[in-house]
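One structure is given here, and the rest of the page talks about it.
The values are calculated or read from the model by the stated rules, or taken from the named source; none is laboratory data. It should be emphasised that the depicted structure is a prediction, and the values quoted were computed from it without experimental measurement. Virtual Cβ from ideal backbone geometry, glycine too; neighbours counted across all protein chains shown. When the accessible area is computed, the model is the full protein with side chains, heavy atoms only, and any ligands, DNA or RNA have been set aside. Shrake-Rupley method; radii C 1.70, N 1.55, O 1.52, S 1.80 Å.
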Amino acid sequence: MKINGKKYQTIWFDEENRVVKIIDQTKLPHQFTIKDLKTVNDAINAIKVMEVRGAPLIGGTAAYGVFLAVMENNNPNFIKQSAGFLIQSRPTAINLKWAVDRMMKKILEVNNNEVLKVALDEAKAICEEDVKFCENIGLNGLKIIEEIYNKKKSTVNILTHCNAGWLATINWGTATSPIYHAHKKGIPVHVWVDETRPRNQGANLTSYELNEEEVPNTIIADNTGGILMQRGEVDMCIVGTDRTLSTGDVCNKIGTYLKALAAHDNNIPFYVALPSSTIDWDTKNFNDIPIEERNSEELSHIEGLDESGNVKKVLIYPKKSKSINLAFDVTPAKYVTGLITEKGICEASEDGLKSLFK
Ligand code: MRU
């Protein structure tokens, strides 16, 4: 997708300099910075401090992280240890372990002479596949937007939470892909963008990328969606997910569950968009999903541009106050209208998912 009119992906391999390149998302929306990942530790750090974030992009970065480990030292013990550290970089998004396991399975099959090329090819394949999956999620989700448009014959108002846009994947995004397809097809859409405290992925990333693609959108405080739904100003909700269980229960950015409850109370369709790499077929009970708790400074401090245009971090809470910063919650399947995947749309249930993914 475009930034300042130029096409980008969120991660790519620079063949000439033999480095992995990323868009440093901690600097957005005020600074656009491309950063080099040269070692596996660079990849681990980029995931931890959220220079890259969003389940599919975390998976893509982890795949390149395994490649960087092989490039550093193709000793199997070093690679295995690096894979372990990569998986520990963040706990909730299942794409991380999915990508590392896929890479390790591929490279442990080959001899030392080939391992570097095989690792690079597989990391690229994981990213290219994600682009295709997200494009197909868009084409499948487009049908829902078209149906609403054909009924109301005016702007389709879509609410989204966090950033499940192209900045959270390799390209297209998951929740945003149907929106980009509808916009490109000339269907009038408008997006209510939850700012998504405390890191403001909605305001800083989703609104930013929608602006760059000239998709009309309005940033709202996270607690505003309910009254907009009551007033009939939301036609549908679409969000992403960090881990969806085979039961159809959906883990996503903190606040998603409350949005789903409001949508349910107001009979607003609540869709979740995901590639199959985000399905956790093993965990059956959503209470067993590891929910990340991040530094509470993400809550008590906030970054922004000061009057001289410099990015500045300021304390917004009383000095003596304490806080906790849980990063994800779980929306039970009963509040999910449907799952939009690369293979089609299904009910949020075991039967639903198995009807698409044998
Ligand atoms: O903490 P983040 O920014 O990594 O959380 C991201 C989300 O919750 C996204 O909605 C999810 O990863 C889906 S991205 C397509």
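Structure data summary
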item	result
Leading residue by the ranking (most open to solvent (accessible area, probe 1.4 Å)) among those in the stretch 45-69 that are within 15 Å of the ligand (Cβ to nearest atom) and β-branched (Val, Ile, Thr)	Val49
Tally of residues being of a type in the set (Phe, Trp, Tyr) and either more than 14 Å from the ligand (Cβ to nearest atom) or part of a helix (DSSP H, G or I) (or both) across the stretch 171-180	1
Any chance Asn204 is within 11 Å of the ligand (Cβ to nearest atom), crowded, with 18+ Cβ neighbours inside 10 Å and part of a helix (DSSP H, G or I)	yes
Any hit, the stretch 154-173, residues being open to solvent by 10 Å² or more (accessible area, probe 1.4 Å) and touching a Cys at 6+ places or on another chain (Cβ under 7 Å)	yes
Residue match in the stretch 78-95 (condition: more than 25 Å from Thr283 (Cα to Cα), open to solvent by 30 Å² or more (accessible area, probe 1.4 Å) and assigned to a helix (DSSP H, G or I))	yes
Flag for Lys313 being open to solvent by 80 Å² or more (accessible area, probe 1.4 Å), out of contact with any strand residue (DSSP E or B) (no Cβ under 8 Å at 6 or more places or on another chain) and among the basic types (Lys, Arg)	no
Filtered residues of the stretch 123-170 (kept if within 15 Å of the ligand (Cβ to nearest atom), small (Gly, Ala, Ser) and in a helix (DSSP H, G or I))	Gly138, Gly141, Ala168
Pair list, Cβ < 9 Å and 6+ apart or interchain, from the stretch 30-48 residues that are in contact (Cβ under 8 Å) with a residue 60 or more places away in the chain to residues that are assigned to a strand (DSSP E or B) and open to solvent by 10 Å² or more (accessible area, probe 1.4 Å)	His30/Glu303; His30/Gly304; His30/Leu305; His30/Val311; Gln31/Val311
Count of the stretch 1-44 residues which are open to solvent by 50 Å² or more (accessible area, probe 1.4 Å), farther than 26 Å from Asn310 by Cα and either hydrophobic (A, V, I, L, M, F, W, C) or outside any helix (DSSP H, G or I) (or both)	8
Those residues of the stretch 227-247 which are within 16 Å of the ligand (Cβ to nearest atom) and either among the basic types (Lys, Arg) or in a loop (DSSP other than H, G, I, E, B) (or both), in sequence order	Gly240, Thr241, Asp242, Arg243
Of residues in the stretch 181-197 being more than 15 Å from the ligand (Cβ to nearest atom) and over 21 Å from Thr337 (Cα atoms), the one surrounded by the fewest Cβ atoms within 10 Å (Cβ to Cβ)	Gly186
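Residues checked against (1) open to solvent by less than 10 Å² (accessible area, probe 1.4 Å); (2) over 26 Å from Ile94 (Cα atoms); (3) touching a residue at least 12 places away in the same chain (Cβ under 8 Å):
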| position | (1), (2), (3) |
| --- | --- |
| Val118 | no, no, yes |
| Ile145 | yes, yes, yes |
| Ile179 | yes, no, yes |
| Asn223 | no, yes, no |
